[in-house]
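Q: First, the structure itself, so that you have it in front of you.
The values are calculated or read from the model by the stated rules, or taken from the named source; none is laboratory data. Source: prediction; values computed, not measured. A quick note on method: Cβ atoms are made from the backbone with ideal geometry, for glycine too, and the neighbour counts reach across all protein chains shown. Remember, those area values only see protein heavy atoms, side chains included, never the ligands or the DNA or RNA. Shrake-Rupley method; radii C 1.70, N 1.55, O 1.52, S 1.80 Å.
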Amino acid sequence: MNSQTTAKDAPAIEPAGTSPATPLGTISGNRGLRIEEPLIFEQDSPGHCGVDLPEPPALALRLGGVAPRGRIGLPGLAEPTVVRHYTRLSRNNYAIDAGFYPLGSCTMKHNPRINEKLARLPGFADLHPLQPLSTVQGALELIDTLAHWLKTLTGMPAVAMSPAAGAHGELCGMMAIRAALDHRADRPRKRVLVPESAHGTNPATAAALGFTVDTIPADARGRVDLDAFKAKLGDPATTDVAAIMLTNPNTCGLFETDIIAIAEAIHQAGAFFYCDGANFNAIVGRVRPADLGVDVMHINLHKTFSTPHGGGGPGSGPVVFSEALAPFIPLPSVVHDRDGFHLVETNDDDGATGLAFGRMKAFHGQMGMFVRALAYAMSHGADGLFQASSDAVLNANYLLARLGSDYSTPFEGPCMHEVLFDDRSLKGSGVTTLDIAKALIDEGYHPMTVYFPLVVHGAMLIEPTETETRAALDQFIAVMKGLAERAKSGHADYFHAAPTLTPRRRLDETAAARKPVLRWKAN
Amino acid sequence: MRYLPLTAADRAAMLGAIGASSVDELYCDVPVSARRSGAIPGLPGFQGELEVERAIAAMAAKNVPAGSVPFFLGAGAYRHHVPTTVDHLIQRGEFLTSYTPYQPEISQGTLQYLFEFQTQVALITGMEIANASMYDGATACAEAVMMANRVTKRSRAVLSGGLHPHYRDTTRTDARFVGFEAVACAPDPLGTEDLAGLIDQTTSCVVVQNPSVFGQVRDLSALAAACRAKGALLIVVVTEAVSLGLLTPPGEMGADIVAAEGQSLGNALNFGGPYVGLFAAKEKYVRQIPGRLTGETLDADGKRGWVLTLSTREQHIRREKATSNICTNSGLCALAFTIHLSLLGEAGFARLARLNHAFAVQLAEKLSAIKHVEVVNDGFFNEFTVRLPRRAHKLVNKLAKRGVLAGVPVSRLFPEAKDLDDLLLVAATETNTVAEMDALCTALEEAL
């Protein structure tokens, strides 16, 4: 999920040297635990090496006439220097382990460490993807077991495990739709309907695959405008619509109440229902997407199944399919019979549908993420997952109830796993959504997602997740109330200066983009 | 349930504050026909950590880990020694449990290492700039082809017969659905194909892997010149990043884009993923690069810092006009790569590469000494192709039963190329001992 901070209504960066500091400042520039750490390239100590390797045997090179390369320009660093460097860098990051991280649509929940331990067992981590299948039966069993969980929880008959992330899963799902439509070949179908509240990946995916993106407006309730949808779909007998890509619950944190009617209309028109499963964590264990008429849905294992976000990956995005699309999944897939587990790697292999559309990436998928996700699913069990989504929704509604009088809510009614506020309540204060976000940073919180979804002005999307205590929520509520009060009582300057207590203050993103400096260079 | 901290009393009090009688009431927008009153049947209930560990460890125990036997597989995934420091540092919660660095003031740790990563990737590939990583080498390859299509406004890619077939197939998948042509050459163990002859006025790029999937190393300078002469881009794929410590880098040979797999540095085999795609290019193409980019800037106090930049290329701003739909990349795998390469440094990286090559030369000599076994490549890095007197996959299965993982049969990669089913890919890295090489040779001799 995205949370853009480069909004047009963001205030200008202030001139240098205006931050409140102690009168003298420190000699080093460090501030206690906060250490100024240069790049590794600026700490080069030629001759140092953090790895002891033996002298290579003296044998003639066999490089087929290609010359060995000269100096690369990598710095030499001792092992203690490297440990200190990356430890210091880590301390400049906010993290779930360190605090509340209510980044809407990103699902920043607790990452259990047993999952890390199990993913590192040599029986998984030290397996080559092309070993003889007889030596990797347990790995295939694990993939098959996780696949069973995903199929059962969604009610869908087939799953593709290989996509590497949510956006990659979107590509996979939309390719399967294209393949199925090409196979049927009833008429040209170019259009994909995408609600305006959708994640940016949805229109980007559809457009990348040659579809025309047709945007459906939201209604006053924050849902797909059903009449507008039907008008865009047109006559079911002649429509050129290939699919709808719909996030449910949607990015306003609301369940799409007309979802079954939408699915029926789409199916009647011979088109497919792609569900963006980014928000599956609100309903996992409580609602099966198959019961809503979904044909295909990706599941972000790094959201719903708590595999760590890792500062931006690796993710994993398995895709579940309905009966109609099941033959059109990508290669490879895992199948089993009495002899054990097998990999279907070509359309000629035993167990192949013959219509699989090909590969999405090298090898068989994000195995390390599969282990973590299965450990998470097994730890919760079906009953625990039911409780987890219930608590996620309860927590979000608790924030809605407690903050609803301090911040303006664009839509009525209970929310799902995340709560959306807009900036109407800040009107006239000189304080923007971005300012609230930056002030939250000084309070020790990671901000909510801001300026997304685009359908409301100055959006603040807060996703508490199920792994927060009530005390943590109450502390956050107190801070949010305090900020609202401060904003309304003429302290705009305080907000504009924020954050002041971080390793860096607001950064000049415009300058970064105008003349990009994307690497270090020796002077 | 240990991950769910709310108590029954909390839940009741919170429902009171909300004014709802039950959580079910909060799900009132779900159509009645799809509502469930309890857990989905057919799945087990919650389990303690001990039980989960027992069940999953039992699956792990059914596999044969590479480190437990003499092991010589490569073909795009390599077993290297990863210093303990790497895995220790990437498990710090501040790295592991943070999100994409959208709030730069509290993400400087991630942004700074990504800037270091981009610099390292540019240096080792010999290119001007690099991005903050892709999913893996294969997806990086497909994205490189689509970038070449955008740059040249052409739509025909020529794929070398030495390109890893998974990379070829990933690119072909995109070709089919995105709508461009990907002409794949026949498997080419020796690197003798005439790629220059296949370039015409519609060709956007030539994709060539070095070392090739068969291990063959070649100088690409002449091919780069041929591409330039016809306005096509040269995309060089590297699946073994350690080779960049020894071989003339793609940038020096004239590559326009480099798409590589970075798994070899910092990352375990992991049965194929997660890995980390490296993506480097000439600076003039910067606005056509897919994926995240980290850039240097100043903060309000004039201090140097880093931000994600040029996001107007990306899906969350551009939506249907984005250069790629990529969102998440491989942040933590990129961190592992960066820490491993920082530990190696200039001297260590070069020595690691030489060690790999020397071990492969040593193994090639040993295998060549076996009757009816022939090493087919004249130049290679740490992996090469041998011709066997029998079908390779049968021998590999036979040796696996004897506890030796001998290599990757070419038929596993190119099942359609029946004439190549006597070929076996064999890789040696710094992790192999002479005793293991001897064990392979002995087992092979006995099996023949």
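Q: In degrees from 0 to 90, rounded to the nearest 10, what is the angle of the helix B:165-174 Cα long axis to the longest principal axis of chain B?
A: It is inclined by approximately 50 degrees.
Q: Hey, what's the Cα Rg ratio for segment B:150-228 versus the globular rule of thumb, 2.2 N^0.38 Å?
A: Working: Rg = 12.2 Å, N = 79, 2.2 N^0.38 = 11.6 Å.
Ratio of Rg to 2.2 N^0.38 Å for segment B:150-228: 1.05.
Q: Here's another thing I want to ask about it. Just checking the output field for B:337-344: average partner chain Cβ neighbours within 10 Å of each residue's Cβ? Don't skip to the end; give the middle numbers.
A: Details: counts 0, 3, 6, 3, 5, 13, 9, 8.
Average neighbour count from other chains, rounded to a whole number: 6.
Q: Next up: Mind giving me the nanometre distance, one decimal, between the label points for B:GLU181 and B:ALA435, set 7 Å out from Cα along Cα→Cβ?
A: 5.7
Q: Same structure again: Looking at chain B as a GNM with Cα springs under 10 Å, which of B:ARG292, B:ARG391, B:ARG304 has the largest mean-square fluctuation?
A: Comparing B:ARG292, B:ARG391, B:ARG304 in a Gaussian network model of chain B, the most mobile one is B:ARG304.
Q: Ignoring any ligand, DNA or RNA, what whole percent of the accessible area of the protein assembly as shown comes from carbon and sulfur when the probe is 1.4 angstrom?
A: Values: 16110 of 30790 Å².
The value for the protein assembly as shown is 52 percent carbon and sulfur by accessible area.
Q: Something else about it: Return a whole-number percent for the relative contact order of chain A, with Cα pairs under 8 Å and 6 or more residues apart as the contact set. List each step's numbers first, then the result.
A: Working: 890 pairs, mean separation 101.1, N = 523.
Taking the mean separation of contacting Cα pairs over the length of chain A, I get 19 percent.
Q: Against the longest principal axis of chain B, how steep is helix B:137-152, in degrees 0 to 90 to the nearest 10, with axes from Cα atoms?
A: Compared with the principal axis, the helix lies near 90 degrees.
Q: Let me ask something additional. Below 15 Å, Cα to Cα, which aspartates and glutamates can B:LYS398 reach? Residues fewer than 8 away in the same chain don't count.
A: Excluding near neighbours in sequence, the set is B:ASP422, B:GLU445, B:GLU446.
Q: Buried accessible area between A and B (1.4 Å probe, both chains summed, ligands and nucleic acids excluded), in Å² to the nearest 100?
A: In total, this chain pair buries about 17600 Å².
Q: Okay, moving on. Name the residue farthest towards the positive end of the dipole of segment A:46-193 from the options A:SER90, A:LEU77, A:THR145, assuming +1 on Cβ of Lys and Arg, -1 on Cβ of Asp and Glu, about the Cα centre.
A: Farthest towards the positive pole: A:SER90.
Q: For segment B:191-315, with every protein chain kept in place, what is the accessible area per residue (1.4 Å probe, Å²)?
A: Values: 2970 Å² over 125 residues.
With the other protein chains kept in place, segment B:191-315 gives 24 Å² per residue.
Q: For the pairs B:LYS62/B:LYS401; B:LYS282/B:LYS321; A:LYS109/A:LYS151; A:LYS230/A:LYS361, note any where the Cα-Cα span goes beyond 25 Å. Don't skip to the answer; put the middle values down first.
A: Values: B:LYS62/B:LYS401 14 Å; B:LYS282/B:LYS321 22 Å; A:LYS109/A:LYS151 23 Å; A:LYS230/A:LYS361 37 Å.
Violating the 25 Å Cα-Cα cut-off are A:LYS230/A:LYS361.
Q: So what is the accessible area of chain A per residue, in Å², with the probe set to 1.4 Å?
A: Working: 17280 Å² over 523 residues.
Per residue, chain A has an accessible area of 33 Å².
Q: Can you spot the lysines whose alpha carbon is less than 17 Å from B:LYS418's alpha carbon? Ignore those fewer than 8 places along the same chain.
A: B:LYS394
Q: Continuing with the same structure: Straight-line reach only, C-alpha to C-alpha below 23 angstrom: list the lysines that A:LYS427 could link to, leaving out same-chain residues fewer than 8 apart.
A: Answer for A:LYS427, where 23 Å is the Cα cut-off: A:LYS8, A:LYS438, A:LYS481, A:LYS488, listed by chain and number.
Q: How high is the relative contact order of segment A:382-502? Use alpha-carbon pairs under 8 Å, at least six apart in sequence, and give a whole percent. Present the calculation step by step, with values, prior to reporting the outcome.
A: Details: 177 pairs, mean separation 37.6, N = 121.
About 31 percent, as a whole number.
Q: Given charges of +1 on the Cβ of Lys and Arg and -1 on the Cβ of Asp and Glu, with all other atoms neutral, how large is the dipole of the protein assembly as shown about its Cα centre, in debye to the nearest 20? It would help to have the intermediate numbers written out before the result.
A: Working: 87 positive and 101 negative charges, 206 e Å.
Dipole about the Cα centre, nearest 20: 980 debye.
Q: Okay, moving on. If one computes the Cα centroid of segment A:77-113 and of segment B:202-247, what distance in Å separates the two points?
A: 37
Q: On to the next question. For chain B, what's the relative contact order in percent, using C-alpha pairs closer than 8 Å and at least 6 residues apart? Write down the numbers at each step before the final one.
A: Numbers: 840 pairs, mean separation 87.7, N = 448.
Computed value for chain B: 20 percent relative contact order.
Q: If you count, for every residue in A:347-354, the Cβ atoms of partner chains within 10 Å of its Cβ, what is the mean?
A: Details: counts 0, 2, 1, 0, 0, 0, 0, 0.
The shielding value for this peptide is 0.
Q: Mind checking the angle between helix B:8-18 and chain B's longest principal axis? C-alpha axes, 0 to 90 degrees, to the nearest 10.
A: The answer is roughly 70 degrees.
Q: R0 = 22 Å: FRET efficiency of B:GLU416 with A:VAL335, Cβ-based, nearest 0.05?
A: Working: r = 21 Å, r/R0 = 0.94.
Rounded to the nearest 0.05, the efficiency is 0.60.
Q: Just tell me how shielded A:195-201 is by partners: mean number of partner chain Cβ atoms within 10 Å of each residue's Cβ, no decimals.
A: Numbers: counts 0, 1, 0, 1, 5, 10, 10.
Neighbouring Cβ atoms belonging to other protein chains average 4 per residue here.
Q: Which of the trypsin sites (Lys or Arg not before Pro) found in segment A:155-215 are in a DSSP loop and have at most 15 neighbouring Cβ atoms, other than their own, within 10 Å? It would help to have the intermediate numbers written out before the result.
A: Details: sites: A:ARG178, A:ARG184, A:ARG189, A:LYS190, A:ARG191; in loops: A:ARG189, A:LYS190.
Qualifying residues, ordered by number: A:LYS190.
Q: Given Cα positions, please report Rg to Rh for segment A:419-465, the hydrodynamic radius being the Kirkwood one.
A: Working: Rg = 10.4 Å, Rh = 10.9 Å.
Rounded to two decimals, Rg over Rh is 0.96.
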